[in-house]
Amino acid sequence: MAHLEDEAHLEDEAHLVDAAHPVDAARGLRPAGAPPKARVVRVSGDLDMHHAKEVRSTLLGAIAAAPPATEVIVDLTYSSFCDSSGLNALLAARQWALESGHPLRLGAPSHQMLRLMEITDTAGLFAMGPAPRDG
């Protein structure tokens, strides 16, 4: 089961977190000249054929809603399984991010996901790094 939340909490079995982190969240302000904070989408559970469509939709929505040039981070800390459907959702998000001028990074992908990307020769298509810290 995948868990996905965005700013409007989803009530089905998939649950995703899409969290924008401006310096002053109440007013959406940041100091002059400060780069925009990353938009973080947190995924937990299985990123599989049962949840890929919803994950794809949420990721594309998060990218579309992000301020110009804002990095979008897909936090995969709590997602331990990904099949080809999930990988295709990530590839679609990557393409949309590239076309709209947003860097996209996978945060803390699981060993299994890294192996899937190695087998499919897609690992080099993604920027990867640690999970974002809260705050």
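The values are calculated or read from the model by the stated rules, or taken from the named source; none is laboratory data. Everything quoted here is computed from the prediction, not taken from an experiment. Each accessible area value is taken on the protein alone, full model and side chains, heavy atoms only, with ligands, DNA and RNA left out. Shrake-Rupley method; radii C 1.70, N 1.55, O 1.52, S 1.80 Å.
Here segment 86-135 exposes an accessible surface that is 56 percent carbon and sulfur, computed with a 1.4 Å probe and the other protein chains kept in place.
Take segment 52-135, drop everything but the C-alpha atoms, weight them equally and run the Debye formula without solvent; then report log10 I(q)/I(0) at 0.15, 0.18 Å⁻¹ to two decimals. Computed log10 I(q)/I(0) values: -0.50, -0.73.
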